[in-house]
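The values are calculated or read from the model by the stated rules, or taken from the named source; none is laboratory data. Note that the structure is predicted; figures quoted are calculated from it, not measured. Virtual Cβ from ideal backbone geometry, glycine too; neighbours counted across all protein chains shown. With ligands, DNA and RNA removed, areas are computed over all heavy atoms of the protein, side chains included. Shrake-Rupley method; radii C 1.70, N 1.55, O 1.52, S 1.80 Å.
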Amino acid sequence: AKAAGGARTWFFDDALRTELSGQAALEDALRAGLVAGELVLHYQPVVSLQTGGTRGFEALVRWHRSGHGLVPPDEFIPVAERSDLVCDLGRWVMAQAAGQLARWRADGTVDEDVHVAVNLSGRHLAETTLVADVAEVLATSGLPPHLLVLEATETVVLDGPAMLPNLHAVRDLGVRLSLDDYGTGYTSIEQFRTLPLDALKIDRSFIVADAPQDVALVGLMVHAAHTFGLVVVAEGVERPEQVELLRGLGCDLVQGYLFSRPVPAGEVPALLRRTVVV
Ligand code: C2E
Ligand code: CA
Ligand code: CA
Ligand code: CA
């Protein structure tokens, strides 16, 4: 009986230890994977509702973790955000995306006004190295600054007024700022006046819901954003009716599975040769 009790205690401690060390192990594996070249960016087109042309791409990270297949960002970004690792990741993502767009511009794959958007975590946006990180990416890639868009989620921007000087400073470099997942937080329209923003991405949850109230809300968001000179992007567009609705509401750009899932860089040229009807 004593031995069994001891075994149970051991098992409990071990489960706890396993859970705690699991996160640390994932973090170590991610750090090693970043160095080993296991991370890749997939690109999702951002389409103009006016012309049907591709106006830009959002770069979305994936991890080809050895022995685990393709790991989606939701499974490792939260772990990366526990430490400075997420800043290393952010630097890598920016450098890759900017370098890729510079090459697509050089070989004529994309038009000269096509942009690339990257997602940065709140931790990196608040980091003292942010401005130098962005400046280095611009210098190394030679990409015109206005073609690099930094996406920050609404909640991150609201929770971190301390990062405002950073946002102003990177915008002074000429890059653009986009407020991601808009509508999930509580940004008042008043704040559009003070936040250094160029674009607003309406969260997918407003696009998938077809209730009249949601449609009215999207209309209000578009109107408010345009009042402050912001470009409006709707994400998560999956059905043609949503395109019609969004066009009627004055939305500028759309992104979603209807046009394309995020694809590896190698598939982008073929994607651009397709005709998109919007
Ligand atoms: P997000 O920035 O809101 O990115 C949009 C997510 O919606 C992507 O998921 C994209 O694949 C997905 N999506 C696009 N169109 C549709 C659609 O029509 N329907 C549906 N159901 N989904 C659609 P993904 O690639 O799994 O990324 C998830 C989240 O992970 C992103 O949300 C972003 O917050 C984060 N993330 C991705 N890449 C990075 C990165 O490089 N750095 C950081 N810090 N976070 C990243
Ligand atoms: Ca995003
Ligand atoms: Ca989003
Ligand atoms: Ca999101």
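Odds and ends about this structure:
- Residue under evaluation residue 224, criteria (1) crowded, with 17+ Cβ neighbours inside 10 Å; (2) small (Gly, Ala, Ser); (3) within 21 Å of the chain's Cα centre (by Cα), criterion not met: (3)
- Failed item in (1) open to solvent by 40 Å² or more (accessible area, probe 1.4 Å); (2) more than 18 Å from the chain's Cα centre (by Cα), with residue 92 passing the rest: (2)
- Residues of the stretch 150-181 classified as open to solvent by 20 Å² or more (accessible area, probe 1.4 Å) and near ligand 3 (Cβ under 10 Å from one of its atoms), total: 2
- Of the residues contained in the stretch 69-85, one or more are found to be over 17 Å from residue 156 (Cβ atoms), in a loop (DSSP other than H, G, I, E, B) and either without any contact (Cβ under 8 Å) to a residue 12 or more places away in the chain or open to solvent by 60 Å² or more (accessible area, probe 1.4 Å) (or both).
- Criterion violated by residue 193 - all others in (1) touching a Gly at 6+ places or on another chain (Cβ under 9 Å); (2) modelled with pLDDT under 95; (3) open to solvent by 70 Å² or more (accessible area, probe 1.4 Å) satisfied: (1)
- The residue pairs whose first member lies in the stretch 124-153 and is within 23 Å of residue 114 (Cβ to Cβ) and outside any helix (DSSP H, G or I), whose second member is within 16 Å of ligand 4 (Cβ to nearest atom) and open to solvent by 20 Å² or more (accessible area, probe 1.4 Å), and whose beta carbons are closer than 8 Å, counting only pairs six or more residues apart or on different chains, are 151/119.
- Scanning the stretch 247-265 for residues that are open to solvent by 10 Å² or more (accessible area, probe 1.4 Å) and not in a loop (DSSP other than H, G, I, E, B) gives 247, 248, 253, 263, 264, 265.
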